[in-house]
Every structure is written in C-alpha cells, then in structure tokens.
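Structure, as structure tokens:
The values are calculated or read from the model by the stated rules, or taken from the named source; none is laboratory data. As the structure is a prediction and not an experimental result, all values here were calculated from the model. Cβ sites come from the backbone with ideal geometry, for glycine too, and all protein chains shown count toward neighbours. In case anyone asks, the SASA skips ligands and DNA or RNA and just uses the protein heavy atoms, side chains included. Shrake-Rupley method; radii C 1.70, N 1.55, O 1.52, S 1.80 Å.
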Amino acid sequence: MLMKNFIVQLPRGLQARHTALFVRKVSSFKSEVILSKSGKVANGKDIMKIMDLVIKEGDEITLVVHGFDEQAVMETLKNIFQTLHKYNE
C-alpha cells in the first residue's frame, strides 16, 4: 500500500473535466485508489464521489493506492496532478 499527500495547486480546484481525466486514468489500472480530503473518502474510480469532496485550490488531499500495480498507479497520478493545470486553460 502506498500513500501520498498533495496540496492542490489548480487555480479553480479539481473541476469536472479534471476529475473525468483522473477517473479515466485510474480506471485503466487494477489497483484500488482511495482519495480523501478532510476525513471524507472517495473511490478513485467514482467520479461522483470525487466531485462530492469539493476539492479546491490549496486543499490537502491524500491518495492511497493498493494493488499489484500500485507503483505505476502512484507515479501516474503524481504526473497527473503536476500536469492538470495545463488542462485548466
């Protein structure tokens, strides 16, 4: 199991378009992905649950990845969070 904290640096937070990209990428892996913010938890493959977290700029989120491809998942998700701002334009 891998766990990583991130500070969201997207000017408008994790909007629907970003969430859809995130879920699409997470769904391509076998590992379980859990996203949490302020004690609320969402399955990383459930777009509606992630949207319910209302992730805004400056929020701290935690990703927990568990499964046989967890290393690849975590590396991919780190890259996504670093590049999502490109999709914000």
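Placing a label point 7 Å from the Cα of F68 along the Cα-to-Cβ direction, the residues of the stretch 13-28 whose backbone N falls under 17 Å from that point are 28. Against the main long axis of the alpha-carbon atoms of the chain, helix 70-83 sits at an angle near 10°. Counting only lysines at least 8 places from K78 when in the same chain, those with an alpha carbon closer than 19 Å to its own are K4, K25, K30, K37, K45, K56, K86. Sparsely packed loop sites in the chain (the trypsin sites (Lys or Arg not before Pro) outside DSSP H, G, I, E and B with at most 15 other Cβ atoms within 10 Å) comprise R12, K30, K56.
3J(HN,Hα) couplings calculated from phi for the stretch 40-51 with the Karplus curve 6.51 cos²θ - 1.76 cosθ + 1.60 (θ = phi - 60°) are, in sequence order, 8, 10, 9, 5, x, 9, 10, 4, 5, 5, 5, 4 Hz; Gly and Pro show x. Against the criterion of solvent-accessible heavy-atom surface with a 1.4 angstrom probe, F68, F29 sort, most first, into F68, F29. Determine the shape class of the stretch 1-67: with a ≥ b ≥ c the square roots of the Cα gyration tensor eigenvalues, call it rounded for a/c under 1.5, and otherwise prolate if a/b is greater than b/c, oblate otherwise. Since a/c reaches 1.5 but b/c is at least a/b, the shape of the stretch 1-67 is classed as oblate.
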